[in-house]
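One structure is given here, and the rest of the page talks about it.
The values are calculated or read from the model by the stated rules, or taken from the named source; none is laboratory data. Model, not experiment: these values are computed from the prediction. Note that each Cβ is placed from the backbone with ideal geometry, even for glycine, and that neighbours are counted across all protein chains shown.
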Amino acid sequence: MSSVQTLNQAGSWDLEDYVETLSKVPTCPYFFAFKLFERASICFCPYNYLLDPVFRETVSSDFAGSVVIIDEAHNIEDAARDATSVTLLEKDVLAASEDLKLYLNKANVEGTLAKDVTALINLLGAIHRVMQLTRSRLVQAGSLTSSAHVWSGAEIEGLLSAVGLGADRFEAVRLSFNRLNANIQKESVTDRDNLSRVDESQFPNSATLRLFTYIFIMLKFLYNDEMRRIQDYRAVLTEVSDIQRHHVLPTEDSNSAGKWLSRRTSAKVRLVESKTLSLNFWCLNPAVCMANIASTVHCLILASGTLSPLDAMAAELNLEFPVRLEASHVVPLDRVFAASVSRGPLGNRLCATYANQNVFTFQDDVGQLVLEACQQVPGGVLCFFPSYGLMDKLIARWELTGLLDKLELVKRVLREPRSSERFEDWVAEFYEAVDTTRGSPIKGLRGESVTGALALAVCRGKVSEGLDFTDDYGRLVIAIGIPFPAINNPQIEQKRSFNDTARVGQTAARCANPTLARLSNHASSRSPLKASLASQNCVAQEVAAASRVEWSNSPSKVPASPARPPPGARQLVLSGSEWYEAQAYRALNQALGRCIRHRNDWGAIILVDARFVEQPARYLSGISRWLRNQFRAHERWSDLSLDLADFVQRLTQITND
């Protein structure tokens, strides 16, 4: 306790100094930090610590009466759903079962504890049998896909009963795990008190304990409040195939001994397929997680430059947010160039739908557009694709046609790595490429002067999610297409279906109210997202009129956010299509926000897709407020190119002066 007081009196600690100081005494800096956390007035942490019920239970954190500020909250929906979901991989279930069997035999466990461990082993065995049985039936029926089988509502109850986790058995099995966990903690503490080295091999490993912890936390949400939340879950059996390329060198013989082997000429490529079977309990409603937090804290603040559309966020989280702010950017408008284009330099219509992505004319014209843009803009250029699949296709095509070689004469071309291991080195390489060419003159459209770096990246990737490309590091952002989530992803499929069902139920309930019934036919010609927001606006106005509340409608160049229902009036949840569209725009807005990072910064943003030009009312509606009305639509690239050149020349001169 005196050590805690001493550290508290020292004030705020730098993390490295804190770890170094505590490493000199026999204690764990990580667990010692929890003691400081209990006394802290301000705590900084990743927000998954706040959302993760396992972490909160582990540290016994109490946020009652606290002010909680969640920065970069644009991913809060996904994080909240993940926090109350669990995925059981077949390999993890089998490994945990073997781990407990080893513990049962090795530690000479007896009595009640032996019965508890046996009950947990039986539970894992039942889960594995259900996974195998369901898979075999689907294989026999010839219907096994990436989303093999779905249980919902009462079907989930039946599934849980089948594996021994029904309502009548859940508490008993959970108590078995709690007794096992308590015994492990007791044995560990005893060894430490006796100053003996803790032999962790004599206990079940942490992966086994973590697996059970997440299972029981998830089931706690399911069984609370008379299973009211079970409709918010789907249990899905999935089997995902992964094809990997392995380079195999030929076996050395007497003729090849001592010689160099060329991988290109001698190595053979072998395709190896691996399958991952998993049973997923997916929470499809982020409100399940957020309700518990919002009901205890004094104030919850969500902050991000890309929370828009705000009504969609509030509806998903089932929170009112009575105070909202959509602020303008601090950068003067004359330092921002925003444009959309429908045709490339070669004259082809550019629309990055799935049907067009394999068309060579589309691929070539996008490449030519990127090249000519890079020839006009010095410094760093960020080109974002909606998916790794499209990025790989275009790069392969550009390598084949020689366009990639032309790009490398103008910019250092760097492709975002999929692995996080190389990412820091990749970023450093990008910054260095810009630094070493800073001030290089632009030699015109046909010049060959290297003037910075080109990052080829994907929306929702690491480059788009928070990196700072200030000043010369980010003078131009090019966004190819609209980054809709993968439509055949089983979790996306279930989420869209869930929202459609919830929306139908809400609409039926509202139509039963005579005052609101006529709203069901509102704005059918609008985009799915705009129609939803407009519908919510009408609902709010009707309720306000009935209660004689005045709503402000101050004129503004930017379309105002729809009026919100008064407290207690539940906002319409987004339909599956509306939710799907909102996810795309959050990812797009994140990518567009990588450049123009401070008041004296400047940069250009180009949306490459005909949909932004041909239907701006629909496709620009989800863009962040600060940028939405800045976009100028261009039918031809040549017109946009002239405007871009004038902008770059003007701002470059101002910067140099």
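Values computed for the structure shown
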quantity: Qualifying residue in the range 126-133 (condition: within 27 Å of residue 51 (Cβ to Cβ) and in the same structural domain as residue 211 (by TED's automatic domain parsing)); calculated: yes
quantity: Any helices (runs of 4 or more DSSP H) falling wholly within the range 601-657 and containing at least 2 residues that are in the same structural domain as residue 478 (by TED's automatic domain parsing) and closer than 20 Å to residue 312 by Cβ; calculated: 610-614, 616-619, 625-628
quantity: From 297, 288, 323, 236, residue being modelled with pLDDT of 85 or more and within 30 Å of residue 620 (Cβ to Cβ); calculated: 323
quantity: Unmet requirement for residue 96, which otherwise passes all of (1) assigned to a helix (DSSP H, G or I); (2) crowded, with 18+ Cβ neighbours inside 10 Å; (3) more than 35 Å from the chain's Cα centre (by Cα); calculated: (3)
quantity: When residues of the range 20-45 are limited to those that are of a type in the set (Gly, Ala, Ser) and assigned to a loop (DSSP other than H, G, I, E, B), the one modelled with the lowest pLDDT; calculated: 23
quantity: Hits in the range 606-657 - residues which are surrounded by fewer than 19 Cβ atoms within 10 Å (Cβ to Cβ), among the basic types (Lys, Arg) and within 18 Å of residue 366 (Cβ to Cβ); calculated: 636
quantity: The range 52-75, subset polar (S, T, N, Q) and closer than 28 Å to residue 211 by Cβ, residue modelled with the lowest pLDDT; calculated: 60
quantity: Selection within the range 354-385 - in contact (Cβ under 8 Å) with a residue 12 or more places away in the chain and of a type in the set (Ser, Thr, Tyr); calculated: 361
quantity: Number of the exception - residue 382 against (1) in a helix (DSSP H, G or I); (2) at pLDDT 95 or above; (3) not basic (Lys, Arg); calculated: (1)
quantity: First in the range 623-636 and under 17 Å from residue 597 (Cα atoms), second anywhere and hydroxyl-bearing (Ser, Thr, Tyr) and surrounded by fewer than 18 Cβ atoms within 10 Å (Cβ to Cβ), Cβ under 7 Å, 6 or more apart; calculated: 626/328
quantity: Among (1) more than 15 Å from residue 216 (Cα to Cα); (2) buried (at least 17 other Cβ atoms within 10 Å of the Cβ); (3) at pLDDT 95 or above, the one test that residue 104 misses; calculated: (3)
quantity: Considering residues of the range 477-501 that are crowded, with 20+ Cβ neighbours inside 10 Å and either aliphatic (A, V, I, L, M) or touching a His at 6+ places or on another chain (Cβ under 8 Å) (or both) only, the residue farthest from residue 352 (Cα to Cα); calculated: 477
quantity: Checklist (1) in contact with a strand residue (DSSP E or B) (Cβ under 8 Å, 6 or more places away or on another chain); (2) in a helix (DSSP H, G or I) applied to residue 75, failing item; calculated: (1)
quantity: Meets criteria (at pLDDT below 95, closer than 26 Å to residue 323 by Cα and not assigned by TED's automatic domain parsing to the domain that holds residue 354) for residue 568; calculated: yes
quantity: Condition met for residue 189 (modelled with pLDDT under 95, under 22 Å from residue 213 (Cβ atoms) and either outside any loop (DSSP other than H, G, I, E, B) or charged (D, E, K, R) (or both)); calculated: yes
quantity: Any hit, the range 200-213, residues being within 30 Å of residue 497 (Cα to Cα), of a type in the set (A, V, I, L, M, F, W, C), in the same structural domain as residue 113 (by TED's automatic domain parsing) and at pLDDT 95 or above; calculated: yes
quantity: Residue 56 among the basic types (Lys, Arg), in contact (Cβ under 8 Å) with a residue 60 or more places away in the chain, in a helix (DSSP H, G or I) and under 24 Å from residue 313 (Cβ atoms); calculated: no
quantity: The lone exception for residue 637 - which of (1) touching a Pro at 6+ places or on another chain (Cβ under 8 Å); (2) within 18 Å of residue 482 (Cα to Cα); (3) among the aromatic types (Phe, Trp, Tyr) it fails; calculated: (2)
quantity: From the options 325, 302, 346, residue that is aliphatic (A, V, I, L, M), outside the structural domain of residue 633 (by TED's automatic domain parsing) and part of a loop (DSSP other than H, G, I, E, B); calculated: 325
quantity: Residues that are closer than 16 Å to residue 481 by Cβ and of a type outside the set (A, V, I, L, M), drawn from the range 601-615; calculated: 609, 611, 612, 614, 615
